[in-house]
1. To check you understand DSSP bridge types, tell me what percent of the beta bridges within the protein assembly as shown (both residues inside) are antiparallel, rounded to 5.
2. Add -39500 (n - 2.57) for each DSSP H run of 4 or more in chain D, then divide by its residues: what number comes out at 222 nm, to the nearest 500 deg cm²/dmol?
3. Between copies, how far apart are the A:D204 label points? List them in nm, one decimal, shortest first, with each point 7 Å from Cα toward Cβ, please?
4. Let me confirm one metric for peptide D:24-33, namely the mean number of other chain beta-carbon atoms within 10 Å of its residues' beta-carbons.
5. How high is the relative contact order of chain D, given as a whole-number percent (alpha carbon pairs under 8 Å, six or more residues apart)?
6. Only bridges whose two residues both fall in chain C count here: according to DSSP, what percent of them are antiparallel, nearest 5?
7. For B:K55, B:K90, which order do you get if you count the other beta carbons within 10 Å of each Cβ and list the fewest first?
8. Which whole-number percentage describes the relative contact order of region C:5-119, with Cα contacts under 8 Å and a sequence gap of 6 or more?
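Just so you know, all these numbers are worked out from the coordinates, no wet-lab data involved. This one's a predicted model, so the numbers in the text were calculated from it and none came from an experiment. Because the Cβ atoms are built from the backbone with ideal geometry, glycine has one as well, and the counts that use them run over all protein chains shown.
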4 protein chains.
Amino acid sequence: MTKKLKMGLIGVGRQGSNHYNNLLSINQVDLQYICDLKVDQSWKEKYSNIPHVVKDYHEILEDPSIDAVLIATSTDAHAQVVLDAAKAKKHIFCEKPFSLTVSDGEIANILRTVKENNVKLQMGFNRRMDPQFRDIYKQIQDGNIGTPQVVKTTSRDPFVLKKELIQRIGTLPYDFTIHDLDLARYMMGSNIKEIYAKGGTLIDPTLKSIGDVDTIALVLEFENGAFGLIDNSRQAVFGYDQRLEVFGSEGMLKAENVSKSTVELYNSTSESKKNPLPIFNERYHEAYVDEVKSFINSVQNDAPVVADGVDAVFAQRAAIATDESIKTGKPVKLDTEFEV
Amino acid sequence: MTKKLKMGLIGVGRQGSNHYNNLLSINQVDLQYICDLKVDQSWKEKYSNIPHVVKDYHEILEDPSIDAVLIATSTDAHAQVVLDAAKAKKHIFCEKPFSLTVSDGEIANILRTVKENNVKLQMGFNRRMDPQFRDIYKQIQDGNIGTPQVVKTTSRDPFVLKKELIQRIGTLPYDFTIHDLDLARYMMGSNIKEIYAKGGTLIDPTLKSIGDVDTIALVLEFENGAFGLIDNSRQAVFGYDQRLEVFGSEGMLKAENVSKSTVELYNSTSESKKNPLPIFNERYHEAYVDEVKSFINSVQNDAPVVADGVDAVFAQRAAIATDESIKTGKPVKLDTEFEV
Amino acid sequence: MTKKLKMGLIGVGRQGSNHYNNLLSINQVDLQYICDLKVDQSWKEKYSNIPHVVKDYHEILEDPSIDAVLIATSTDAHAQVVLDAAKAKKHIFCEKPFSLTVSDGEIANILRTVKENNVKLQMGFNRRMDPQFRDIYKQIQDGNIGTPQVVKTTSRDPFVLKKELIQRIGTLPYDFTIHDLDLARYMMGSNIKEIYAKGGTLIDPTLKSIGDVDTIALVLEFENGAFGLIDNSRQAVFGYDQRLEVFGSEGMLKAENVSKSTVELYNSTSESKKNPLPIFNERYHEAYVDEVKSFINSVQNDAPVVADGVDAVFAQRAAIATDESIKTGKPVKLDTEFEV
Amino acid sequence: MTKKLKMGLIGVGRQGSNHYNNLLSINQVDLQYICDLKVDQSWKEKYSNIPHVVKDYHEILEDPSIDAVLIATSTDAHAQVVLDAAKAKKHIFCEKPFSLTVSDGEIANILRTVKENNVKLQMGFNRRMDPQFRDIYKQIQDGNIGTPQVVKTTSRDPFVLKKELIQRIGTLPYDFTIHDLDLARYMMGSNIKEIYAKGGTLIDPTLKSIGDVDTIALVLEFENGAFGLIDNSRQAVFGYDQRLEVFGSEGMLKAENVSKSTVELYNSTSESKKNPLPIFNERYHEAYVDEVKSFINSVQNDAPVVADGVDAVFAQRAAIATDESIKTGKPVKLDTEFEV
C-alpha cells in the first residue's frame, strides 16, 4: 500500500463541499486541513473529524507534512493561491476556471513557478474524467472512428442559478460553456481557431441586467479543419442534460445522459421514468472522485496530470471568444499559441 | 370508396424511380402515364403495366382525364413544368428544390398561376411526413415541450455522390442542407433570420473543384429568437444518419435513427447490429408514401398541402444563405417576408 | 410482372376483416370473392369493389378462375373447408389452429388429400413472419448464437376477451399459447417432448366458469435437450406484450416490443411514451401481410410454405399438453412423431 | 459523525477477498481483524495495514472491542461460526447459503440464540441491495404495477466454474439458483409453495460426474397464486447475464443488464459494444458495498436487516426443492411455515 496523501482543502463553499465529501471517501487521501474564510467555532465542532480547521490558507502551506492542496475558493482567488502553493512546494489541484481577469502573461508566470518548484498542477475539468466521456476519448485514441471530423456537446443545467451566484462564479460562457469548449478541444486533440456564438435570454430576460444569457448555440472550427457544435441552456426541466458525440471518418461515438436507474416501467399511461441525473455532483460523482484519484496518481508516480494550466488557458480563451462573438455578432478568431 | 386519382409521373430517374414504386403501392392512385426524356421502345416493354409511356409531358397535360402530376425531373425543369401543369389545371406534386436559378419574382408569378387555376401544389419535403418527425411535430403542437427554444438536426449521407450527379442536383447546401433548413423552420414555426455556416472538405478534397463541400456545421437564429444547429456530412460509414431534437421550456423531444430490426445480438465480441437504415428511400419509405397520400387527401378534400411553394421559397433562401456564409465566412441575414 | 393471384376470402369476422384489408393492399392479389355466412344485401353494397360477395364457399371452389383461398372461418369449420378446397385444387392459406376436435388420423387424411391434389397449404402462424422474429430465426440459422439452448417467449394480450368469443375461438392454451409453442419449436428446430404448465385466474376469476385461465407459466423440454419458458397473460395494461429471446452456446438474441414511434419525450415528470403497439393487427401488421406474400411466392414458385399442416399438428399437441398439465398438475410427455 | 464499526472478516477466499476490498472502501468500517485458515507470516506482511491477521476466529470473538463480524468462510462452517459469534454478542453478517446440511431444527436453534443475544444477523443475499432491483422493489411497494402476478429472473454466469470449486460451494441450485429463488420471493412478498425444475448439461456433460447441471429452467407458484419463471446457465459467452422482470395488474417493471459504459459506437461493421459487466463482483459492486452499509445501519439504529435467517431458510428450502424436482422429474411442494 502506497502512503496516503496528506491534503488540505481550501474553500468549502458550493463546489468545495462537493470535494469535501469526495475526499473523505477516497482511501488514499488523509484530509488534514479544511480552510475557509467563514471558519468560526461552529465549523470546528461540525468538522471535529478533521485535525485542522483554519481560516488562513497560509497555515496549510506552512505545514511541512502537507503534500497537496485542493483549491475551491472563489474564482478571483485561484491565481494567487496557486502561486503561493507552488512556492510552498505543494502539489495543486485547482478548480476551473483559472481566472477571469488575469492576463496570459501573468498566467505564464504562475505556470513557470509551478514548473520550477516541480509540483503538479491539475485543473478541475472534471468532465475529462467522466467514465462515459473517458470511454469515448479512449475509443478515439484506439482509432475506432478514424479521423474525428465533428464534435457535438450539449450541456444544460436543471434550473437558472441566482443572479448573485452568477456574478460570483461567472456568466454562462465562463462558468458553463468553458467546460464544453475544453471537452471539445480535448476530444479532438486540436486547438480552436474560430468561434461563432449566438446567445439569448429565452428563459429569463432579466439576466440581461447582469450581462448574461441563458441559451447559447455556437459553431467552432479547429486548427485541423474539424468542426464543433455546442449548445447550452440554463434550464432543462427534465434534469442535468449532458451529452457528447464525436463523428469521424470511420464511425461515430455517442454518450447519452446517465440515469439513476435503468429500470423500465410500463403502465397504462406509458410513463417510463428515465430522466437524466438531476444535478452536477450526482451526474459527475465518479468524475469528481476519479479526477482526484488521477491527481494523486500523478503526484505519486510523477505522471502527467489529466488537465494542466495550459489547458486552462485555452479553455479560457475560448470562453472569452464565445462571449465576444455573442456580443459583437461576429465570428472571432483565436490565438492557438501559448508559451510558458 | 373515393374515386382513385388518375396520375402521371414526369421524370423517372433516381428520385422518380423511387416515386414510381411508391405510386404503384398506393391503392388510391391510378398511374396512367409515365414520362421521361429517355423513353424509347424498351421502356414501353418494361412498363407494359402502365397505359401510357411518353416522352413529352405535354401529352399528359393535354389528357383531360388526368387529375394530377408528380414532377421528378431534373431541378432546372421544375419551374416550367409546374407552370405548364398549373395552366392545364392539374394538381401538382413537385420534388424539391423548386429551383436553383429562378428569381423570387418569377416564383411568385408561378405561385400566383397555381392559385388562379385553383390547383394544389405540394413540394416534396418528405421529411415533414416521416412518422418520427411527424410525431415530434404533433407533440410540439400539443404543447408537450412548451415553447421550442433550440432545434438540432443531423443529416449524413452514407457515401459521397459522384461529381456528375452533384452538378446536376446541386451542391450540399442546395441538395441536402435545404431539407434540414426546411425541417428546422417547420418544427419551430418561425422564419429563419440569420445563418452562420462553416463548410469544409474533410472527406474528399477534390470536391473543391466543383465548388462543393462535404461537411457543414451551422448555427441559425429564428425570427422568434430561438436557435438552430445543423450538421451535415456526405459520408457516414455506418449508414444514413438522420436525427432531430427539439428542446423547449417544458421538455425535449428526440428522434434517433431508425434501424431495420431492433433485435439485439450479444456474443463474445459484443457486437450488436443496430445501424441506421442505409439509404434515403429505405429510411424515408413511409414518408415518401405518406407525402403522396397526404397530397391525394389535399386534392380530394381541398385541404392545405403539407409543404407549399412558399415553404420552398424559404427553404431555398436558407440554402443560398448557407452557401454564402460558407463562402464569405460571415453571418448572413435573411429576408423573412414573401408576397405571392 | 408475374400474374396476380385470383383469390377468395372465406370468413370475414374478427380475423377475416384483418386479412381483408391486407389482401387489398397487396398488389399481387386480385381478390375476386369474399364469403361469409352472414352475407346479405347490405354486404354487397358495402363491398361493391369486390366482384363476388357470396354466402356459400362452394361457389368459390367451383369457379375455375380462382387460384387460392384464405380460410378465416370459425375454427370448427377449418378442417372441412380445407378438405373441400384441396379437392377443388385450390391453394390454401388457413388460419390456425387447424382444429380443436379433429383426430390426428383425420388430419393425416386431410394432409394426404392436400398432397395428392398438389396444392399448397399454409397455416396462419403469423409470428413466424414477423420481421423481428424472422431476423432472430435467420441469425440462428447463420450460427450467430451457436447451438440454441434456451428459448423464452412472453405473450400478453392487452385486455381480457369476452367469454362468448373465448368459447368460439378456444381457451388460452388453444388460442394464445399455441402461438408461443409453435414459435418456440420453430426457433429451436426440435420437437417438444415434455411440458409442465401452471395456469391460474389472477385477473378474472369468473373465467373458471368456462374452464379457462388468464395466466400461464410453463417450462418445456425439446427432443434435443434444450429448454423453453413461456408466459402468457390475458391482460397487460400497457399494450400487446410480445417478446422473444433465444440463448445459445455462442450468444443471445433478443426481440423487445415494437413501439409506434421511437421518439423520446423528456419533461419534468419524466414521462417517456414508448409502449408496445396496442393490439395484434397493428403489432403483427407486417407479419400478416408478409405471410400472404410468402404464400403467394410458394404458390407461384412451388416453394415450401413457411408453416404447413404438420407444424399445425405439433402446435396443437403442445396446446393440448399445456391444457392437460394445467389441469392435472403434472408434467405431460408429447408424441414427437407424425406420419402423413 | 457516528462512531465507526469495529469489524472482523472471517474467511478471505474468493468471496471474502471481494468483501475485504469493499470493507476498506466504507468509511464507517474500522476493519480490525482478518482471519483465515491459510494465514501465515506472508499474510501478515501482505495485510500490514490491518491490525490483526489471525488464523482462529475465536480470537476475534474474544476481543471485547469488536462490534461485528463478516463471515465468508466455506459454507459448511457458516452455522457454527454464526452460533459462536451470536454467543459472543457480535453482530453478524453471513454469506449465503446458511448451510447445505444443517436441519431446520438446528437452524431454528441458532436463530433463537441470535435473538436471545440481541444481535443482528444479516444474510448475504446481495441482489436485494442491487440499485436496479431495489428500484423495482420500491416501485412494487409504491403500487406502480398493482398486484404482482408473474416474476421472471435470468441469471447466467460468464463461464463454467472448476469442478473442485463447485464441490466446495455447492451445485447450481444451491450456489446460484438460490439467489434467484430468494430474489423472486422477496419481490413477490409471498412464500413459494411449488417448484417444477428442469436441469440439463447442455454446456459441459462432464458435470454429471459431480451430480451437477449447467442449465436450469423452472416454473414456480407462490402461496398467493402468483407465478415465477427462472432460468440459469453456467456460461453466457457475452458476460454475467442478470435480469429481473415483474409483471402486475397495473404494469410491468424490467431491469436489463448493466454495462460498464453506455457509449454507443457506430461503424461500418455496425458493432456496438454494450455487453453486460463481465463478473459478479463488478456487476454487484454497489450491492456488495450497500449490503454492508445497510447492515451497519441496522446495527447502529437497531433497524431490521434486509435479509435475515428466516429468509435464508426459505431460500434454502427452494434450492433443495429445485434440486429434487430436477432429479425426480416431478413438481415438488414446499413447506411455507417456519417457527424460530
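1. Given both bridge residues lie in the protein assembly as shown, the antiparallel proportion sits at roughly 55 percent.
2. On the way: 11 runs with 116 residues, N = 340.
Taken over chain D, the calculation gives -10000 deg cm²/dmol.
3. Reported distances to equivalent positions: 4.9, 5.4, 6.1 nm.
4. Details: counts 2, 3, 2, 5, 0, 0, 0, 0, 0, 0.
Counting Cβ atoms of other protein chains within 10 Å of each residue's Cβ and averaging gives 1.
5. Values: 661 pairs, mean separation 64.6, N = 340.
Computed value for chain D: 19 percent relative contact order.
6. Values: 31 of 58 bridges.
That works out to approximately 55 percent antiparallel.
7. Values: B:K55 12, B:K90 22.
So the ranking, lowest neighbour count to highest, is B:K55, B:K90.
8. Numbers: 182 pairs, mean separation 29.1, N = 115.
The value is 25 percent.
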